[in-house]
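What follows is a short report on a single structure.
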Amino acid sequence: MIEVQNLYKTFTTINAVNDVSFKVEPGRVFGLLGPNGAGKTTSIRMILNIIYPDSGEIYFDGQPFSIDIQNRIGYLPEERGLYRKNKLMHTIQYFAGLKGLSSRESKKRALYWLERFQLSEYANNKIEELSKGNQQKVQFIISVLHEPRYIILDEPFSGLDPVNQILLKDILGELRKEGKVLIFSTHQMEQAEKMCDDVCIINRGRVVLYGKLSEEKKKFGINTISIEYEGDGSMLKRLGGVKRSAVYSNYAELEIDSAVQPRTIIQEANKYLDIRKFEVKEPTLNAIFLKLVGASVEEIELKDQEVQLTEASL
Amino acid sequence: MNKTFVVAKWEYMERIKSKMFIASLFIFPIIMIAFLILPSLLVSRAEDTQKVIGLVDPENKLSPALIRNIEEGFTLVDNQPIYVIRKIEEPAADKETLRMIANSLVFAEDIEGYIYIPPDIFETNQPEYYSTNVGNVKDQGRFTGIIRDILTEFRLEDRGIDPDIVNEVVKPVHLRTVRISPSGDEKESDYLTIFLTSYIFLMAMMMLIATSGQILIRSVVEEKTNRIIEVLASSCSPTDLMAGKILGLSALGLTQVGLYALMGVAAVLYFGFEGAAFENVWLLLPYFVIGYLFYAAIFVVVGSPLSSEQEAQQIAGWVVLVLLIPMIFAVLAMENPDMPIIRILSFIPFFTPSFMALRIPIAMPSTFDIVTTLGILALCTMIMMWIAGKIFRVAILSYGKRPSISEILQWIRSS
């Protein structure tokens, strides 16, 4: 278990991480979620002891950070890269060596993983000769080769083709079954929803939601409706009893007042739209986030980009 | 410590096997030797073409001796004269007209150039040489010598002295230089040997520092741009990483210099050079090692905040320039190694290693100088390493814009 208690970190003027606490239980997938720049990476770097918190504690199965703990952490950073000129096998063995693995042991395990990711034929190639997707797989191998107990994966699926996404999902399932302590960080709520047992959503350095995913969903009640339709969906936003809405070109998610019956919504919508599918369902993670923060992840990111752009133009 | 070794082994093994390294290992000495030897080799090659040189001598006083001495003095491989002198004459022409004719012959490429003997040569002592190319120092030197000898002979005869007597009386003196040492050794040695010995050590040190320093900067910057640094930082402490890199790359540099030293020793044994000032060379070793560490720390300080290879190249170039400064003083140190400015500069850690590399082979500095310079250098190296560690820790995770000096000072204070 990883326990994070009251973590604070300030960079010159920005409160990057502001009183963040959570526990990561073994044998479960823990989702550390939030838009880019929310403080996920900073939190992860503090867990990894790459940067030090201003205050707060981090424990690994009750122990503070040590070299021994360091050797039992596997980390896949969001920003990927490898040595270009070096051979695949050498690179893997170097990182395994840094985690304390002997060269013979690391070679044996590397061969197993390369086989599993269908990379065996490239073992003696230079890394620059590999495709981008294959390089990503190599990095994943590096993060798990030393059989770490604590595994931190930052956006592990980005850049993988669908086939390899499924393979990675299967492997994560195995790691979960083996009782590893798994932190899975992403800003894609749909993905997190499929993968995670527990979630912790961070926004602007603060925890805005934390708990078991299923329970958190229940708390938000069964008051979300999803509609698939043909026509101009913008009228859905203006329906009576709709508190929040996310309207796409032929799909919409509506959060309705608990006093309003879903059927009145379908009756109204049916007047203007060709409805293909209508579902009353648990709120999605995205909808929960929307409710908590008042904007969707995408909107926050867009806003942040604008701020950055205006700052840059100044 | 263990992880330091893993990093060091990686940096060393991966680079020593790279084709670039192996190639540079051989290319560098070849280039050096080419630069040293080729120019003189090219100039001193056997002359194989005959040149026609014009002679304008209106008074006709020097001509007979001049033509004879130049044509007979220098011969080609096949015993033909190198220079054929063509006297430029025209009845009743004054000296200006003769020169005009000579000029047109030069432009027509009938003659290479021409020697002009002014009528007042005995007063001015100034013959003239005209050509489209006045860059051939060798030809001009030969002509000057011959004209000088002829003038001398004429003057001696004027005074009624037999030139043969003068030749017998005037003889050059050769100063034999012997280098003595407290151990009682006496070795014949000369300026050139000492200069070369000093120079070789200076060059070796510069090369070690410059090449491995540049590799150091580039390797940090590469890891930053590829973001590998993040995985590395999660696997070992920044201190391990920095120490490992310095250790691995200095081993690499020492391998390179060691190989060159072997080549050098082999050359000395083979060609049997005598009198090289090798006896105090062991003293250079601590300067080499500590000096290298000092510069490695500096390379880390200036290199780790950078985010692009181009910037890294530029900065590395500047640091190497600092290393070049002692070259300016090399000749001065040769004349007087205990000169105040040389002494003062050798106490400044940036220059200590290279100035001591200059001084030690020339003349053993005082024990005080050796102990103090080593002490200062070691102390500054420790301070520099400490600063480098602080900066490295923060710098490896900062990307993008190059940080300002005040930001860097903050890094040193904060962590």
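If the condition is being within 20 Å of B:Ala297 (Cβ to Cβ) and part of a loop (DSSP other than H, G, I, E, B), then the stretch B:343-367 contributes B:Phe347, B:Ile348, B:Pro349, B:Phe350, B:Phe351.
Considering only residues in the stretch A:29-64 that are part of a loop (DSSP other than H, G, I, E, B) and within 11 Å of another protein chain (Cβ to nearest Cβ), the one that is nearest to the chain's Cα centre (by Cα) turns out to be A:Leu48. Among the residues making up the stretch B:64-110, those that are farther than 18 Å from B:Ile146 by Cβ, without any contact (Cβ under 8 Å) to a residue 12 or more places away in the chain and assigned to a helix (DSSP H, G or I) are B:Glu96, B:Thr97, B:Met100, B:Ser104. Number of residues in the stretch A:150-180 that are among the charged types (D, E, K, R) and assigned to a helix (DSSP H, G or I): the value is 5. In the stretch A:70-84, which residues are surrounded by fewer than 18 Cβ atoms within 10 Å (Cβ to Cβ) and facing chain B (nearest Cβ under 7 Å)? Result: A:Glu79, single match.
Condition (residue is among the polar types (S, T, N, Q), in contact with a strand residue (DSSP E or B) (Cβ under 8 Å, 6 or more places away or on another chain) and either part of a helix (DSSP H, G or I) or modelled with pLDDT of 85 or more (or both)) applied to the stretch B:117-125: is it met by at least one residue? No; the residues of the stretch B:117-125 include none that is among the polar types (S, T, N, Q), in contact with a strand residue (DSSP E or B) (Cβ under 8 Å, 6 or more places away or on another chain) and either part of a helix (DSSP H, G or I) or modelled with pLDDT of 85 or more (or both). Check the stretch B:372-385 and report whether any residue there is within 30 Å of B:Ile229 (Cβ to Cβ) and either within 14 Å of another protein chain (Cβ to nearest Cβ) or without any contact (Cβ under 8 Å) to a residue 24 or more places away in the chain (or both). Looking through the stretch B:372-385, at least one residue is within 30 Å of B:Ile229 (Cβ to Cβ) and either within 14 Å of another protein chain (Cβ to nearest Cβ) or without any contact (Cβ under 8 Å) to a residue 24 or more places away in the chain (or both). Determine whether the stretch A:133-140 contains at least one residue that is surrounded by fewer than 14 Cβ atoms within 10 Å (Cβ to Cβ) and within 14 Å of another protein chain (Cβ to nearest Cβ). No, there is no match, as no residue in the stretch A:133-140 is surrounded by fewer than 14 Cβ atoms within 10 Å (Cβ to Cβ) and within 14 Å of another protein chain (Cβ to nearest Cβ). If I ask for residues that are part of a helix (DSSP H, G or I) and more than 10 Å from every other protein chain (Cβ to nearest Cβ), which ones from the stretch B:1-10 would you list? Residues satisfying the conditions are B:Thr4, B:Ala8. The lone criterion from (1) of a type in the set (Gly, Ala, Ser); (2) surrounded by fewer than 19 Cβ atoms within 10 Å (Cβ to Cβ); (3) more than 9 Å from chain B (Cβ to nearest Cβ) left unmet by A:Gly100 is number (3).
For the stretch B:130-146, a residue qualifies if it is within 21 Å of B:Leu76 (Cα to Cα), more than 28 Å from the chain's Cα centre (by Cα) and surrounded by 15 or more Cβ atoms within 10 Å (Cβ to Cβ), and the qualifying residues are B:Arg142, B:Phe143, B:Ile146. Residues that are surrounded by 12 or more Cβ atoms within 10 Å (Cβ to Cβ) and among the β-branched types (Val, Ile, Thr) within the stretch A:155-189 comprise A:Ile171, A:Val181, A:Ile183, A:Thr186, listed in sequence order.
No other residue among A:Asp257, A:Asp232 is among the acidic types (Asp, Glu), over 26 Å from the mean Cα position of the chain (by Cα) and over 29 Å from A:Cys196 (Cα atoms) apart from A:Asp232. Taken over the stretch B:368-407, the criterion of being under 19 Å from A:Asp54 (Cα atoms) and assigned to a helix (DSSP H, G or I) is satisfied by B:Lys390, B:Ile391, B:Arg393, B:Val394, B:Ala395, B:Glu407.
B:Ser104 satisfies every condition listed in (1) surrounded by 12 or more Cβ atoms within 10 Å (Cβ to Cβ); (2) at pLDDT 90 or above except (1). Among the candidates B:Pro337, B:Pro305, the residue that is touching a helix residue (DSSP H, G or I) at 6+ places or on another chain (Cβ under 7 Å), more than 30 Å from B:Arg179 (Cβ to Cβ) and part of a loop (DSSP other than H, G, I, E, B) is uniquely B:Pro305.
Taken over the stretch B:216-260, residues that are within 11 Å of another protein chain (Cβ to nearest Cβ), out of contact with any Pro (no Cβ under 7 Å at 6 or more places or on another chain) and either part of a loop (DSSP other than H, G, I, E, B) or among the aliphatic types (A, V, I, L, M) (or both) amount to 8. Identify all residues within the stretch A:69-105 that are in contact with a Gly (Cβ under 7 Å, 6 or more places away or on another chain) and free of Cβ contacts under 8 Å to residues at least 40 places away in the same chain; write none if there are none. Within the stretch A:69-105, A:Ser103 is the sole residue that qualifies.
Counting only residues that are aromatic (Phe, Trp, Tyr) and buried (at least 21 other Cβ atoms within 10 Å of the Cβ), the stretch B:355-387 holds 1 of them. Here B:Ile70 passes the criteria (1) within 14 Å of chain A (Cβ to nearest Cβ); (2) surrounded by 14 or more Cβ atoms within 10 Å (Cβ to Cβ) except the one numbered (1).
In the stretch B:17-33, the qualifying residues are those that are part of a helix (DSSP H, G or I) and within 13 Å of chain A (Cβ to nearest Cβ), and the one that is farthest from B:Ile246 (Cα to Cα) is B:Lys19. When B:Leu38 is tested against (1) surrounded by 10 or more Cβ atoms within 10 Å (Cβ to Cβ); (2) at pLDDT 80 or above; (3) assigned to a helix (DSSP H, G or I), only condition (2) is not met.
Residue under question is A:Glu147, and the condition is that it be within 22 Å of A:Tyr75 (Cα to Cα), among the acidic types (Asp, Glu) and touching a Gly at 6+ places or on another chain (Cβ under 9 Å); does it hold? It is true that A:Glu147 is within 22 Å of A:Tyr75 (Cα to Cα), among the acidic types (Asp, Glu) and touching a Gly at 6+ places or on another chain (Cβ under 9 Å). The single condition among (1) of a type in the set (Gly, Ala, Ser); (2) modelled with pLDDT of 90 or more; (3) within 30 Å of B:Pro39 (Cα to Cα); (4) not in a strand (DSSP E or B) that B:Gly135 does not meet is (2). For the stretch A:12-28, the condition of being within 14 Å of another protein chain (Cβ to nearest Cβ), part of a strand (DSSP E or B) and modelled with pLDDT of 90 or more holds for none of the residues. Do we find that A:Ser55 is touching a Phe, Trp or Tyr at 6+ places or on another chain (Cβ under 6 Å) and at pLDDT below 95 in this structure? Answer is yes for this residue. Being assigned to a helix (DSSP H, G or I) and small (Gly, Ala, Ser) is a property that holds for A:Gly133. For A:Ser143, the criteria (1) assigned to a helix (DSSP H, G or I); (2) over 22 Å from A:Asn49 (Cβ atoms) hold in every case but one, which is (2).
The values are calculated or read from the model by the stated rules, or taken from the named source; none is laboratory data. Here the structure is a predicted model, which means the values were calculated and not measured. Counting neighbours? That spans all protein chains shown, and the Cβs are built from the backbone with ideal geometry, glycine included.
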